[in-house]
Every structure is written in structure tokens, then in C-alpha cells.
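The values are calculated or read from the model by the stated rules, or taken from the named source; none is laboratory data. Owing to the predicted nature of the structure, the values given are computational and were not obtained by experimental measurement. Heads up, the Cβs are rebuilt from the backbone with ideal geometry, glycines too, and the neighbour counts pull from every protein chain shown. These accessible areas exclude ligands, DNA and RNA; they are computed on the full protein's heavy atoms, side chains included. Shrake-Rupley method; radii C 1.70, N 1.55, O 1.52, S 1.80 Å.
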Amino acid sequence: MASDRYIDFVNSDLGRKLVGAVGLPAPARLERWQAGRLRPVEGALLLSTGPLAQRVGSFAPRLTDVLFSAGGAVTGESTGAHPWNAEQSAKIKAVVFDASTLLHTSQLSQLREFFQPILRHLDNSAHVVILARAPDAQSDPLAASTQQAIEGFSRSLAKEMRNGGTVQLLQIEDGAEDQLEGALRFFLSPKSAFISGQVVRLSACGQQVQDWTRPLAGRKALVTGAARGIGAAIAETLARDGAEVVLLDVPQAKSDLDALAARLGGQALILDICAPDAAAQLIEHLPGGLDIVVHNAGITRDKTLANMPADFWDSVLDVNLNAPQVLTQALIDSGALRDNGSVILLASISGLAGNRGQTNYTTSKAGLIGYARAMAPTLKARGININAVAPGFIETSMTAHMPFALREAGRRMSSLGQGGQPQDVAESVAWLGQPGSGAISGQVLRVCGQSVLGA
Ligand SMILES: NC(=O)c1ccc[n+]([C@@H]2O[C@H](COP(=O)([O-])OP(=O)(O)OC[C@H]3O[C@@H](n4cnc5c(N)ncnc54)[C@H](O)[C@@H]3O)[C@@H](O)[C@H]2O)c1
């Protein structure tokens, strides 16, 4: 895996001085989730007033030991929230601002009034979540405009965050309020370290996580391309969260796959997802069915279109797009994919932005995004969610082989100024596979440090 020596340097004593003196970018070392950690927020959580914030107040003591309120006392005595005070209170690690009641342009000043005083008091790797309503669910045009305005604000605030801070906007539909805890356990914690400037919509969903220390307990998950890179990190993270894992990869990857499956107590399945009998073999190896399918296997065969051989085009489309479609349909038709399950497709931000030399790859990745959007409504009746995760620049052997200048550009052209880790993508997949994450379906979750590409 590539190592980012620039981050090591700017976070050393000498580097800090030099970089500060000449005004170079200084990406922060991001805090990440460590196995065994219990609290999503290790530090102070600041909650605004408002009806959704009040809901958060009811479970906030499960998120953190240190709770502050700002803008009134709606979080109530029972939550133990203290009014926040810039001079006396601890640094803030996480913020939840309820913007759901902003329904007119004149109320948008509340965004500035709430955030301005706290920005200089944020801790390193602070996570901000703004709760709002979906603009298209507003009947009053001024209310819809105001709720849309909040999106512009949150994306810009994400770009102004320092020291590894992130900002997300969650649009909460009526009836989705009881899914706030799962979403905030993800977005307020280091599990979402490399996600920023995103908008995620939550719909009503009947499922709930039973045990937050093992949210995937009782679930069986298939990960394709699991022998290395992002797929291996996904398998590890799903197993950490309690899932029983089936790891799939091609025959050439057998020894790595067997070793990882043995370590995780999972099953190794040697299979080329493009083989004519791949669907039949898969179903045969999953007699009891499964709950989570992660289509991670993917390849690149880069050439500009003028120079693209037919086999480069065909193989990329086959592995990256056709195989996930064929296997998903077979798992649905055979009944192997259980009710309330999850399908997660590994797309890419270049599938949103386009990329020179990758017409085949970006066609396949955009196709996956279209597939998630199109399948979501039909799978909803069975409680199955389907989403695309779109990584940006992730430090893997794939990106380690990029030419130096392209690699540096990929790392720095984002709000967090660095590449992500395979774990960052894996945490998103694990979250989307949890019970309750059926609240999110047909969406694209970018894990890209708010890359400027396709934003
Ligand atoms: N690394 C990044 O920065 C990045 C960025 C965006 C998207 N992605 C996507 O994330 C996924 C994983 O990327 P990675 O960097 O870990 O890649 P990788 O090349 O390190 O791993 C891919 C795995 O898929 C397996 N595979 C390939 N073809 C297969 C087939 N026909 N059947 C079964 N297994 C097959 C490979 O053997 C390999 O183990 C890919 O879909 C990739 O497009 C990666």
C-alpha cells in the first residue's frame, strides 16, 4: 500500500513549522475507529434546539459522556446537557444542528448564528451533522428553497473545516426519526472519518440494531474480490461487527483468500464472478441464504477511447457491471437474499465525474449507480436496501501504481487533503449493511474526503 509521506512530514515538529511558514496545505492525521471502542463520540457533543435535536437528546447519553446544549434547553434535564459556554466548556468533538424548522429565507441566519461562535472551539477530527427535511417534501416553495439552501451551506462549511473536521447533511423524512441513532453513531464517529460534504436521506424503516457492540450479529455477508485491498478490509470490518462472512475471489488469489477466511472464521469461495455458471455456483454454496451482498470485485484496463482494445472494454464492463447485475438478480430470484437484507455496490467518484483514459471503467461504475437507484423501489417491499458506495482516492495497491503526479493530485484535491484508507470504505459498507440502514436506499455514498471531482 502507498504511504503518504507528506502527511507524516506535516505532522512532525519540523514539518509543522516549515509548512506553516510557507503556507503549504497541512492535512490532518484523521482519527479512525479502533476495535473495542464503545462510545461513538469520545469528547463533547453539542446539540442545538429543535424537534429532531430533542429526539437526539433522548439517546445522546449513549453516544457520549459529555453533552452540551446551545440555543436553549430543549434537550431537557434528563439528558444531563449543560449549556455550552465558549470560555468554560471543553473543546467540541461532535455537533448536531437541527435545521428542520427553517422554512423561510429570514430564518437562514440561524445557521450563521449557531455555527460562527463554535467553529474555533472544535476539537481535531470533529464531526458536524445538520438535520433537515427533504426539499421535495415541502409543499411551500419558500420552505423547499430554504431546505435546499441548507445543502449549499453544509457543503461549503465542510470545505471550511480544519484539522480533519467533517460536515454532513441528513434529510429526515417523516417516520424516519427512529433511525437517527444508527446514522449518528456512524456520522459522528471516526467510522465516517473520510466522508465529508455529503447529503444522505433517511426514510422510515422498521428494523433496528439489537446490540450496538455487534450490529451485524446474526447476518451472513458475501464479499466479492475479498482477497486484498478494499474487499479484504470490508470482510474484516463485517466480521468485527459480528457478521458471518463468505469471501469470494479468483483462483489466482486462493492463498490470500484462504488465509483471510481462516483468520476471520469465514468461508472462502474461489469463483470468477464472470464464469457462465457463477450464479449457480454461488447459490449452491449459500444453501441457507444470506443477508448482505457486497459487490466489491472490480478491475481497471485504462486507455483513451481512441486506443481502447475491445477486450479492455468488454472485460471491465463484464466484471464491474454485468456480473453484479446477474448475481444480484439470481440471488433475488432464488430467494437466497433474505428479507431485510442489503446490497452494496462499489462504484467510484470517477463514475460520477468521468475520468480521462477510463471510459470503460466510468461507464461501468455509473451503471452501478443507475442500477442501485432503479432497483431500490422494487426491493423496498422486502425491506432490502441497495446502495452504491463511491470511493475517492483510497490508499491501495491500485493507487500505489499510479504515476507520482496523478497520485499526489488525487490525494490533495479534496477538502481533507489526503487519500482515504480501505477501512474508511469498509466502515461505510458495514453501516449500510446494518439493520435499520434500510432507511437509506437507492443512494450513492461518496467516501472521498469531499474530493473536488464530480462534486
Ligand atoms: N482503490 C481505490 O482508490 C478505488 C477507488 C474507487 C473505487 N474502487 C473500487 O473498489 C473496489 C476494490 O478496489 P481495490 O483497490 O481494493 O482493488 P484490488 O485490485 O486491490 O482488488 C480487487 C479484487 O477483486 C478481485 N477480482 C477481480 N476480478 C474478479 C473476478 N472476475 N471474480 C472475482 N474476483 C475478482 C481481484 O482478484 C482482487 O482481489 C473495486 O471495485 C474498485 O473499482 C477503488
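Got a sec? Which of Arg301, Arg263 is within 13 Å of the ligand (Cβ to nearest atom) and of a type in the set (Lys, Arg)? I'd like the intermediate steps shown before the answer.
Values: Arg263 fails: within 13 Å of the ligand (Cβ to nearest atom).
Testing whether each residue is within 13 Å of the ligand (Cβ to nearest atom) and of a type in the set (Lys, Arg) leaves just Arg301.
Sort through Ala144, Ala149 and tell me the only one that's open to solvent by less than 50 Å² (accessible area, probe 1.4 Å), without any contact (Cβ under 8 Å) to a residue 12 or more places away in the chain and in the same structural domain as Leu180 (by TED's automatic domain parsing).
Working: Ala149 fails: without any contact (Cβ under 8 Å) to a residue 12 or more places away in the chain.
That would be Ala144, the only listed residue that is open to solvent by less than 50 Å² (accessible area, probe 1.4 Å), without any contact (Cβ under 8 Å) to a residue 12 or more places away in the chain and in the same structural domain as Leu180 (by TED's automatic domain parsing).
In the stretch 215-233, what residues are farther than 25 Å from Pro391 by Cα and of a type outside the set (A, V, I, L, M)?
The initial filter retains those residues of the stretch 215-233 that are farther than 25 Å from Pro391 by Cα, namely 217-218.
Gly218, the sole residue that qualifies.
Run Arg185 past the list (1) away from the ligand (no atom under 16 Å from the Cβ); (2) in contact (Cβ under 8 Å) with a residue 60 or more places away in the chain; (3) part of a loop (DSSP other than H, G, I, E, B) and report the number of the one that doesn't hold.
Unmet condition: (3).
Looking for whichever is open to solvent by less than 20 Å² (accessible area, probe 1.4 Å), assigned to a loop (DSSP other than H, G, I, E, B) and hydrophobic (A, V, I, L, M, F, W, C) here; the options are Leu453, Leu445, Leu416. Which one fits? Talk me through it step by step, then tell me what you get.
Working: Leu453 fails: open to solvent by less than 20 Å² (accessible area, probe 1.4 Å); Leu445 fails: assigned to a loop (DSSP other than H, G, I, E, B).
Unique residue meeting the criteria: Leu416.
So which residues in the stretch 216-225 are within 9 Å of the ligand (Cβ to nearest atom) and either open to solvent by 20 Å² or more (accessible area, probe 1.4 Å) or not small (Gly, Ala, Ser) (or both), if there are any at all? Walk me through how you get there before you give the answer.
Kept after step one, since they are within 9 Å of the ligand (Cβ to nearest atom), are these residues of the stretch 216-225: 224-225.
Within the stretch 216-225, just Thr224 meets the criteria.
From the set of residues in the stretch 311-359 that are among the hydroxyl-bearing types (Ser, Thr, Tyr) and surrounded by 18 or more Cβ atoms within 10 Å (Cβ to Cβ), which is farthest from the ligand (Cβ to nearest atom)?
Filtering the stretch 311-359 down to residues among the hydroxyl-bearing types (Ser, Thr, Tyr) leaves 315, 328, 334, 342, 348, 350, 359.
Applying the additional criterion that residues be surrounded by 18 or more Cβ atoms within 10 Å (Cβ to Cβ) yields 328, 342, 348, 350, 359.
Working: Thr328: 15, Ser342: 17, Ser348: 4, Ser350: 7, Thr359: 15 Å.
It comes out as Ser342.
Quick check on the stretch 360-370: of everything there that is crowded, with 19+ Cβ neighbours inside 10 Å and free of Cβ contacts under 8 Å to residues at least 40 places away in the same chain, which residue is nearest to the ligand (Cβ to nearest atom)?
Thr362
Can you tell me which residue in the stretch 157-182 is most open to solvent (accessible area, probe 1.4 Å), limited to those that are acidic (Asp, Glu) and part of a loop (DSSP other than H, G, I, E, B)?
Quick first cut of the stretch 157-182, residues acidic (Asp, Glu) only: 160, 173-174, 177-178, 181.
Now restrict to residues that are part of a loop (DSSP other than H, G, I, E, B): 173-174.
Working: Glu173: 55, Asp174: 128 Å².
That would be Asp174.
Got a number for residues in the stretch 385-413 being open to solvent by 40 Å² or more (accessible area, probe 1.4 Å), without any contact (Cβ under 8 Å) to a residue 60 or more places away in the chain and either near the ligand (Cβ under 7 Å from one of its atoms) or under 19 Å from the mean Cα position of the chain (by Cα) (or both)?
Qualifying residue count for the region: 1.
Each row is one residue, and each column tells you yes or no for (1) in the same structural domain as Ser397 (by TED's automatic domain parsing); (2) crowded, with 20+ Cβ neighbours inside 10 Å; (3) of a type in the set (Lys, Arg); (4) not in a loop (DSSP other than H, G, I, E, B).
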| residue | (1), (2), (3), (4) |
| --- | --- |
| Ala227 | yes, yes, no, no |
| Leu238 | yes, yes, no, yes |
| Gly242 | yes, no, no, no |
| Leu247 | yes, yes, no, yes |
| Leu257 | yes, yes, no, yes |
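Under 7 Å by Cβ, and 6 or more places apart or on different chains, what pairs join a residue from the stretch 33-56 that is assigned by TED's automatic domain parsing to the domain that holds Pro117 with one that is of a type in the set (Ser, Thr, Tyr) and assigned to a strand (DSSP E or B)?
Leu47/Ser69
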